[in-house]
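Participant: One structure, pasted below without further comment.
The values are calculated or read from the model by the stated rules, or taken from the named source; none is laboratory data. Small disclaimer: the values here were computed from a predicted structure and weren't measured. Note that we place each Cβ from the backbone using ideal geometry, even for glycine, and neighbour counts take in every protein chain shown. Areas reflect the complete protein model, heavy atoms only, side chains present, ligands, DNA and RNA absent. Shrake-Rupley method; radii C 1.70, N 1.55, O 1.52, S 1.80 Å.
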Amino acid sequence: MAKAPKSVTIRTYQVGFGDCFLLSFDYGSSSEKHVLIDYGSTGFPKGVPKTRMMDIAQDIKKRTGGKLHAVVATHRHRDHISGFATAKGGKGTGDVIASLKPDVVVQPWTEDPDLSTTATGPGDKGAAKTKAKAKKAKKSKKSLVAPGKLKMFGAATPNHIAALALMNEFALRSLSARNLPRAMAGEIRFLGESNLANASAVKNLMNMAKNSYVFTGAKSGLEMVLPGVKIDVLGPPTVKQTDTIKKQRARDPDEFWHFALASLEAANRGTPGREGILFPRHVKASGHRFPVNARWLVYHVRTMRAEQLLQIVRNLDKQMNNTSVILLMQIGKTKLLFPGDAQLENWQFALGQKKYVDLLKSVNLYKVGHHGSLNATPKSLWKLFENKSSKKTAKRLLSLMSTMEGKHGSTHSHTEVPRETLVHALEENSEFFTTQALKGKVFFHDTTMQF
């Protein structure tokens, strides 16, 4: 077998709103090494058969020849790990992946079940008693993570499973509430789907192979299965490395993909013909539970409370995205960047390190972060890419995006996913591919790069 791969083929699967990428490194003499990066979905476009996730699992099995060398689960969100779920009788998609006997499973440091209850980094293993329980939980078919509470990013929250369960419970209950604005109900529905606990997927990832829990600057664990491939872990950072990860920004014109001109944004903010209405969002209620004169007030009080509770859910959701593993793979002079759903706070630490900035400048392939959201491809990162070009050259940046329109965000608030301004930049300055181009029975696209 060659000391370094001669080429790589990235198979981008159509998983609707989710991520699933199979990297097949060709070492010559019919020898390949296969790495699966994420496998999840929270919904498909209309017309996609219910068997699609199993079709993908079977295709992965066929493409790898029955042997998968590594799995990377960038973070815990359902749209990245739901495919790893198992089922009774071993008939789940996750059972198929486990049968491929991967040598290593790479996950963020926050997934380590040995973490203490106040962990701010991978070294916080806790007392012997807690550690013993954690190891027992790792082997158990019933338990999933270390018991107690994890101080996630310095803010006391229940452990991962409990936090996601509470998040989903709130989402489902809120959906049944009356008189919520349609946009809010839609966001609650999305967050509920995205943050399902996925217990069997989590357990499967924990037990199918040797685990490598990574952070910025750590060894990835992929080195042993990918000879000749240099791998840098750019994220997530630990709280010990930086506390910026504990905070999220709602807006940042220098980094996020808002409109370039404030006038354009202002022009689209209002709704024509409604400016003079005193109560434009008044809801006509049926029944006599509240007097007519009180209904407008009751509606807005309910909405305010729901908005406050929803903000808690949003914060948890953002923190989970900021646990995303960011991998930079280098073969010779060719660099591949896979950042999961990492948002600005995750990126900031790496972007402040000269050694990583120098590496990022010459990226050749970029897996677009967070399905093309406005805050997962920081403009400071985009500006670094020296291979982006409006002209079709041999070295032009390749970009791959797995996404689905109409699932998250809204055009009215300029938060739609994928974000229009970002997509325009990708189309104009890179060889751009999106899973939205896959129609009918075609459910994957291959991108091959020679080294």
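Participant: For the range 27-80, which whole-number percentage of the solvent-accessible area (1.4 Å probe, protein heavy atoms only) is attributable to carbon and sulfur atoms?
Facilitator: Values: 1030 of 2110 Å².
Here it works out to 49 percent.
Participant: Still on this structure, I have one more. For the range 380-447, what does the alpha-carbon gyration tensor say about shape, rounded, prolate or oblate, given a ≥ b ≥ c as the root eigenvalues, a/c under 1.5 as rounded, and a/b over b/c as prolate? Write down the numbers at each step before the final one.
Facilitator: Working: a/c = 2.70, a/b = 1.19, b/c = 2.27.
Oblate, because a/c is 1.5 or more while a/b does not exceed b/c.
Participant: What full-extension length gain, to one decimal in nm, is calculated for Ala87 and Lys379 as 0.36 nm per residue of separation minus the Cα-Cα distance? List each step's numbers first, then the result.
Facilitator: Numbers: separation 292, 0.36 × 292 = 105.12 nm, distance 4.19 nm.
In short, 100.9 nm is gained.
Participant: On to the next question. Provide the FRET efficiency to the nearest 0.05 for the His445-Lys46 pair, computing r from the beta carbons and using R0 = 30 Å. Walk me through the numbers before you get to the answer.
Facilitator: Values: r = 20 Å, r/R0 = 0.66.
Working from the Cβ atoms, E equals 0.90.
Participant: What does the charge add up to near Lys33, with Lys and Arg as +1, Asp and Glu as -1, over the other residues with Cβ less than 13 Å from its Cβ? If you can, show how the numbers build up before the last one.
Facilitator: Working: positive: Lys3, Lys6, Arg63, Lys67; negative: Asp26, Glu32, Asp103, Glu223.
Computed value for this residue: 0.
Participant: How far apart, in nm, are two points set 7 Å out from the Cα along the Cα-to-Cβ line at Lys395 and at Lys333?
Facilitator: 0.6 nm
Participant: Given 0.36 nm per residue, what is the gain on full extension from Lys219 to Lys354 after removing their alpha carbon distance, in nm?
Facilitator: Working: separation 135, 0.36 × 135 = 48.60 nm, distance 1.86 nm.
Extending this stretch completely gives an extra 46.7 nm.
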